[in-house]
Amino acid sequence: MVTLNPIRRSLVPFDSDAAQRLCSPNYDEFQNDREIWDLLQAQPESVLRVTMPHCNAATPGEMLTDGSPEALQVASGKMAELKGSPSTVVVDNVIFLYEIVDRTRPGVRQIGLGGMTPTDDIRTDATPDGVIIRNEGIREEKAKGRADLIEATHAIIGTVNLSVDDQSNGLLEAMTDFADGRACDFEATDEEDNQHRVWLISAEDEIVAFQGALASEPHAYVADGNHRSAAAAMRGTGEFLTVFFPARTMGLAPYNRLVKAPGTTRAQLEEALADQFTIESVAGESYQPAQIHEIGIYLEGGWLKLVPKDSAFDAGNAAQSIDSDIVQRHLFAGVLGIADPRARELTFVGGNRDAAYLVAQVDAGHYDLAVTLAPVTIDQFIAVCRQNRIMPPKSTWFQPKIRSGLVMALLD
């Protein structure tokens, strides 16, 4: 049974105009701190001034060290400003609906149920019967950084995106019926022209009805926010901020790689990978696979297309069947000697950057080669979770992502 509790005290935008000024991409959607600094110059009220306080500086040269005591002090001050701002309002004991209107998927209604979920429901070695199933390992230092931010701000700003099967469509129908019955409380538009709409629900009978609809789900799977859920558990909040989406409504985008491997040649790769892949050249300036088990490699000004042979992975192992795992084992570790999938030589590039961006980075000499992968499918994602396995690092890029700053949980 999946549990959802109301947010005891939530901080939300006053209206849609305020929502547009406050909300932003999540901190992990940026390639570097300079991008965050640039956004803050254009959008000074952005919640990034709290979630990435070291970037809240007068000039790029004055940015602080991420996670430093000085940066956390800035976060505390900026959170106080946010709570005292006429752009925000505090509401008590609410759950919420969150709809993403994705312009690239006009026939899909993606709407989720949000609130607080007990950290004890997360499945770990200490809680093997937990119904919230993580599918990715966490880095302790990254989770601690988010936990320190919770401590400094007395708030949970980062939302954890979870998926549920909803095989009967009962949850989806309940949410869409409610949303169609009244206007949203506020909405905002993201950089890709997708709409993000929020309905706040405070009536006790409506809360109980939605809790019952979600409770029929036996499990939920963490789609985005493993470190944010770990941070809440580490901080001891007892709960973390969540949105549950029916899995079949969620969008997935490519999660590509830029690689530093000086001296690597096309001929070397073709020879070393021939036993495990069929390899052919691909014409054109960019190549982004659309089907799983098709992999692109860009180097020396051209593209190779790799298709893994049956011997390259165990089809019965859902995690080993993911293309990023196949690439990690055979290319990065097997040929380039990059055994750690989180090594500094690998830069992960989410679906908000296209293959042309990768080509430009390699051609400029910043990296030696690029790897493009088709999006993981929702069936692959769920299969890994059901087998109680761990997804390969940085393999799923759910898109569009929930905006940061539209619903925040206050802990004071």
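A compact table of results
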| read-out | value |
| --- | --- |
| Size of electric dipole in the chain: Cβ of Lys, Arg +1 and of Asp, Glu -1, about Cα centre, debye, nearest 20 | 440 |
| Within region 255-374: Cβ-based charge dipole about Cα centre, in debye rounded to nearest 20 (Lys, Arg +1; Asp, Glu -1) | 320 |
| Helix 204-215 axis, angle to the chain major axis (alpha carbon atoms, nearest 10°) | 30 |
| Across LYS144/LYS309; LYS309/LYS394; LYS260/LYS309, pairs whose alpha-carbon gap is larger than 29 Å | LYS144/LYS309 |
| Kirkwood-type radius of region 140-291, with distances r between different C-alpha atoms, in Å | 20.0 |
| Packing-based order for 306-318, 26-38, using average beta carbon neighbours within 10 Å, highest first | 26-38, 306-318 |
| Principal-axis tilt of helix 69-84 within the chain, Cα atoms, nearest 10 degrees | 40 |
| Point-charge dipole on Cβ atoms (K/R +1, D/E -1) for region 176-243, about Cα centre, debye to 20 | 420 |
| Relative contact order [Cα under 8 Å, 6+ residues apart], region 264-412, whole percent | 27 |
| Percentage relative contact order, the chain, counting C-alpha pairs under 8 Å, at least six apart | 24 |
| Highest-fluctuation residue, ALA267, ALA143, ALA333 considered, GNM on the chain with Cα pairs under 10 Å | ALA267 |
| C-alpha long axis of helix 33-42 to longest principal axis of the chain, angle in ° | 40 |
| Per-peptide average of other Cβ atoms within 10 Å, ordering 103-111, 230-238 highest first | 230-238, 103-111 |
| Where only C-alpha atoms are counted, convex hull volume of region 255-374 per residue in Å³ | 99 |
| Whether the chain is rounded, prolate or oblate, judged on the alpha carbon gyration tensor where a/c under 1.5 counts as rounded | prolate |
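None of the figures in this text is laboratory data; all of them are computed from the coordinates on show. Keep in mind that this is a model prediction, so the values were computed, not measured. Methodologically, a virtual Cβ is constructed for each residue, glycine included, from the backbone with ideal geometry; neighbour enumeration extends over all protein chains shown.
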